[in-house]
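To start, the structure itself, in structure tokens.
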Amino acid sequence: MPVLHQAQDSSRTADDESDARIPPRAHHVYLSPHADDVAFSCLGQIARRQLARPQSSQSDPVEQTLVTVFLSGIGQRRQEDEKAAQILGCQYRCLELPDAPDRPEIRGDLDLFMRFGPQHLGITNEVVSRLLPWLPATAILYAPLGVGGHIDHRITHEAARALAYQRGPSLRLAYYEDLPYALAPYALARRLAALGITSEERASPARERAAYRDWLLSFPHMQRRLPGLRLFMSHVAAHVAVQADGDPGRHRPGFPPRLRPQLVNVTQSVAQRTEVIAAYASQWPLFAASPEALTARFAAYGHALAGPSAEPPDCCERIWFDDGVHGPQST
Ligand SMILES: [Zn+2]
């Protein structure tokens with residue numbers, strides 16, 4: 001399982017609120033490219049903050065907002081999203097921007113995993129413009145790291161960097177590890193390498209492509225296709241996604257990233273995981289046979305992040321603060 005042990009050694013197992021650089025009453029804003037991304041990747045830390053509320057302030061909600069960026073239409077996926085936010089006890093906003101397949105710059109399925117480029121600046125600017133007037137004065141903005149190469153994840157990632165730069169140091173920026181994409185062998189290490197962090201968890205390009213192809217083939221929605229077609233689709237998609245994942249940071253606008261990992265212990269807050277995953281009834285069947293099976297995969301990832309510990313094992317999520325987004329002198 002690709003958990004990037006080398007980076008883990010430099011992480012602190014702590015809660016993010018223990019970071020002196022984060023004001024105690026900062027608003028936590030989670031950017032979710034699609035309706036399920038934050039729920040899959042960050043629900044432990046969101047639930048943890050709710051559980052940590054003092055009894056005296058039960059009626060005083062923790063300032064946490066889930067913002068879904070791309071959601072075409074207002075059908076089932078919107079309802080699933082609202083239900084998950086309700087379970088997690090956080091506020092909810094939806095920018096209602098069109099999903100990638102509904103935008104003119106995306107001309108086919110493979111464009112979903114194309115490199116971030118000039119044709120995406122318009123939609124990125126739209127995300128920034130809609131969020132900038134609304135963002136709380138003091139906030140931590142959580143955006144996808146961009147593992148897996150999906151263009152909507154990359155656009156959200158780049159928009160978050162632009163927002164942090166525009167707002168200045170009162171807005172701290174952190175990235176979460178995109179699940180389920182981070183479960184694919186080498187995917188996280190490949191993306192981190194593009195952002196300047198090298199690890200030993202890499203392989204030859206051919207081997208990484210084959211690993212990503214095999215990972216794609218393991219999904220139920222691929223299993224339902226004809227054998228020859230699913231092999232071809234997985235092979236081509238893996239080729240494009242691996243290329244997009246490894247797109248070097250120097251091709252991006254703005255200051256070079258300075259990533260600082262932090263593990264968040266979410267052991268006490270994983271009880272809600274299956275309930276939240278089950279809320280996304282249109283999405284979990286794409287990735288697993290049941291909400292419980294998907295929960296188990298995410299939990300295994302969290303246990304591996306936590307490393308050898310207590311019995312039963314601890315469970316962690318990892319975020320990466322970008323200390324370089326405000327410029328080379330910022331902390
Ligand atoms: Zn997504």
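Derivation of every value follows stated rules applied to the coordinates shown; laboratory data play no part. If you're wondering where the values come from, they're calculated on a predicted model, not measured in any experiment. Here the Cβ is made from the backbone with ideal geometry for all residues, glycine too, and neighbour counts use every protein chain on show.
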Estimated inter-spin distance, ALA137 and ASP102, nm [label 7 Å along Cα→Cβ]: 3.6
Radius 12 Å from Cβ of MET222, net charge of other residues (Lys, Arg +1; Asp, Glu -1): +3
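Summing Lys, Arg as +1 and Asp, Glu as -1, what charge do residues with Cβ under 15 Å from the Cβ of ALA300 carry, ALA300 excluded?
Here the count lands on -1.
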Qualifying GluC sites (Glu not before Pro) in the range 173-211, DSSP loop, other Cβ atoms within 10 Å at most 11: GLU200
Bins of 10 Å from zero: percent of alpha-carbon pairs in the chain: 6, 27, 38, 24, 5, 0, 0
